[in-house]
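Data first, discussion second: the structure below is written as structure tokens.
The values are calculated or read from the model by the stated rules, or taken from the named source; none is laboratory data. Bear in mind that the values here come from a model prediction, so they are computed numbers and not experimental data. Cβ coordinates were reconstructed from backbone atoms using ideal geometry, including for glycine residues, and neighbour counts include every protein chain displayed. These accessible areas exclude ligands, DNA and RNA; they are computed on the full protein's heavy atoms, side chains included. Shrake-Rupley method; radii C 1.70, N 1.55, O 1.52, S 1.80 Å.
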Amino acid sequence: MAKIQLLSEETIDKIAAGEVIERPASVVKELVENAIDANATAITIEIKDGGISFIRITDNGEGIEKEEVKNAFFRHATSKLHDAEEIENIGSLGFRGEALSSIAAVAQVEMITKTQEELTGIRYLIEGAIEKECNEVGVPSGTTVIVRNLFFNTPVRRKFLKTPQTEGGYINELCEHLALSRPDISFKFVNNGQVKFHTSGDGDLKALVYRIFGKDIAKEVILIDQHTKDIAVTGLLGLPSITRANRNFENYFINGRYIKSNLIAKAVEEGYKEYLMQHRFPFFIINIDITSNMVDVNVHPTKMDVRFTNQEYLYDYLVSAVNATLKVHEMIPDVELFESKEVPQSQEGKQKSVKYPEPFEVERIQKMQVKEETEDYKVLSNPPVESNVIKAQKVVYVNDHVQMNLFEDKILTKDAMTDYQILGQLFDTYWLIAYQDKLLIMDQHAAHEKVKYERLVEKIKKKTIDTQNLAVPIIISLSGREQELVYKYQEYFDKMGFTVEEFGGNEIAIRSVPLDLYGKNEKEMFLEILDELLEEMPCGTPEFILEKIASMACKAAVKGNYSMTKEEVMKLLEELMTLNNPYNCPHGRPTIISMSKYEIEKKFKRIV
């Protein structure tokens, strides 16, 4: 039998480092979070070869006292935590005391740091957890950490890294998220000598979106600012016109911390559900500020995964907050025949005001052949910075542009209908409606589907659903997961009009169906409902389940290529106006789009 033996400290450090440092992006994340915790107002991130050979993080934060520098590289050494009880109320991004020791265990690390009070700083070198050099130097206040040759002493780990281009892409994406989490901090990201992006740090989140994602995205976002006693949701929501086929543009933070959470992603998507087509995902940047006892960030050393004490409450609030914000905004898409070249006013004069800490080790830069911008070096002072990103965002968006969006007259209202002029039907599917200086185009199928869907949901809630008994029951064989889902939510299927009974083994019998589904391949529809529920497991809200089921029943709505009379169209419009969201069908397609008189006249060259 093999003997049990204690591992060496070197081996322990390398094993522990594997949990925290997975790739170069992990190094950048930990070091930038340390800079943020040090109250830096400007942070520069530089990499070469995807961060594998060279990473440099420079900040103008508080710095580290000389006698504390060596202690910072010990495992579980931290200035942010004193005992386990404090974890429940932790406010800093870092607290475990593992980052610097983990990085030093698998790389060659150089730290140059000075506090504001000290005249000189200290330069400390450590390689593979072994101290190499420590001496005093004259440097500006703040901290610079240089990480070279990542995984130089663990070649197996290094072998599994991606190409430098791919690893650099991971770091670029991470830096974007970090910048979005703190618009009040100036971030500069340099990859192989090229400045990829540079933010001003003035707290203007919309201007930050313009810099990172471009003007087309920046002009299609609206402010969200929803509060309850223990949850505040602030940031920007993209309009349905800028949806994506994946979740790469979903950005969310908990108390300013960049995380990954299926719960949050699903909740926001559910809030958007009425406005998005299936398999499309929204663009959003939100910070969720919640009381510390509602979230546990001490789940994994990377601190990317978190747990919530009351998931259903958080989920429901996020759904309602997003939905309530979208409902106050006019959602009729404008058809633009020409691309607008207008630059947002918020961009004027931004570039010249950008400041950041520059690396001071000139000889080292020349050796690494890193190209620097020809700007004067300025060490930023430390003005009072609001630690809560929500406060910075509140001030920025109290402006005339937002107020216009909130209080401008809407088109889809009963009062507006008095000015409607129905012109006629196009292609037996679309109706042309003149309204003031706009041409509205309504999709009769999408509009009718939306009205039918809302009627059905209302009937379900009032328990007045019409059902049809089946002379011959429908027998369906289900998988174990499908059976569990049916039995768990059977009361909701009953409310919808499905009477489901066990039939023995893995089979069920459906003895009644909603009247709207009768004669429309009920078995296939029922299985489609299960497939949707399995794909997006509900988080405890009955409305989610009922609305998923109801959306399937709307397939009985009037289709395109069906001629309607003007009277029928007017009746349909009247019913559409009574809905909370008349802009989109249950699957997210728009019911009405508009084209301005201005755009039409430009097309006919009446306006040049």
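Counting Lys and Arg as +1 and Asp and Glu as -1 over every other residue whose Cβ lies under 10 Å from the Cβ of G588, the net charge comes to +2. Projected label points at E118 and K597, each 7 Å from Cα along the beta carbon direction, are separated by 7.1 nanometres. Working from label points 7 Å from Cα in the Cα-to-Cβ sense, the N469 to D531 distance is 3.2 nm. Across the stretch 171-221, the mean sequence separation of Cα contacts (distance under 8 Å, 6 or more residues apart), normalised by length, yields a relative contact order of 28 percent.
With each label modelled as a point 7 angstrom along the Cα→C-beta vector, the Q194-E65 pair spans 4.5 nm.
Amide H to amide H distances under 5 Å link V190 with I45, E46, I47, K196, where only residues 5 or more positions off or on other chains count and H is placed in the peptide plane.
Kindly flag which residue pairs out of K206/K273; K162/K215; K215/K273; K188/K219; K571/K602; K48/K114 have an alpha-carbon separation exceeding 27 Å in this structure. Over 27 Å Cα-Cα: K162/K215; K571/K602.
Computed from the C-beta positions of R280 and E567, the FRET efficiency with R₀ = 41 Å rounds to 0.75.
Accessible area of F427 (1.4 Å probe, protein heavy atoms only, ligands and nucleic acids ignored): about 140 Å².
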